[in-house]
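What follows is a set of notes on a single structure, which appears directly below.
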Amino acid sequence: MRHLFRLCLLLCVGLPAMAQKQANELHFTSSQQQLITVYKGTIFVNGNKAFIFSNDIINYKSRRNRLIENGKSVFLFLEVDGRPNKDRMYVFNIDHSLADSVVNAISSDVKDLDRDGNLEFGGSDLTEKYPSADSMYYVPSRFYEIKKGKITYDAELTETTDKKVNGIFLAHPTDKQVIPIPKKRR
């Protein structure tokens, strides 16, 4: 009787631990029955190698790793280590047995940020602190939108965010040497 109790205790404690996923793999299934596995830096679609990272920088435990379907498109979102800067979000379009890299953005939650009915993601990266109190660096952001089965640059959200954070929007911030002083709001 004592042995039976120990066996039951071992099964109750041991089986859930054995059933957990490894820390270096992810599994997804699309509504089109595509089996997508990310294992040790390689993306497999329906058992075929679709993309290989040069080094395994994927954050497997991130809650932002997910599959999003829009229209007839299937997008795989993977959060990767961006050290020393913020983490990045690599987005792949999964089509048949291929994984096509479409966007490399700042890692963020994928949600309707500007309340237009479409999902957005992105943000701004870290910048160095400027040594003088009377000056600042322009901190540009970049947002993307999922709409009608495509991922596109969301210019409106990017401009709104930059104006809010920096007081001004620069379409090409690396082309300007001097940033004009923003007009004061009343």
Accessible area of the stretch 25-180 belonging to carbon and sulfur atoms, whole % at 1.4 Å probe:
48
Treating only the Cβ atoms of Lys and Arg (+1) and Asp and Glu (-1) as charged, compute the dipole magnitude of the stretch 25-180 about its Cα centre; round to the nearest 20 debye.
320
Cβ-based net charge around N93, under 12 Å, with every Lys or Arg adding one and every Asp or Glu removing one:
-1
Past 28 Å, Cα to Cα: identify those pairs from K86/K164; K40/K147; K72/K164; K86/K163; K61/K164; K40/K148, in the order given.
K40/K147; K72/K164; K61/K164; K40/K148
Which order do S73, S101 take when ranked by solvent-accessible area (1.4 Å probe, heavy atoms of all protein chains), largest first?
S101, S73
Packing rank of 58-65, 37-44, 88-95, where each peptide gets the mean count of other beta carbons within 10 Å, highest leading:
88-95, 37-44, 58-65
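The values are calculated or read from the model by the stated rules, or taken from the named source; none is laboratory data. Since we're looking at a predicted model, the values are computed, not measured. As a convention, Cβ positions derive from the backbone with ideal geometry for all residues, glycine included, and neighbour counts pool all protein chains shown. The area values use the complete protein model at the heavy-atom level, side chains included, leaving out ligands, DNA and RNA. Shrake-Rupley method; radii C 1.70, N 1.55, O 1.52, S 1.80 Å.
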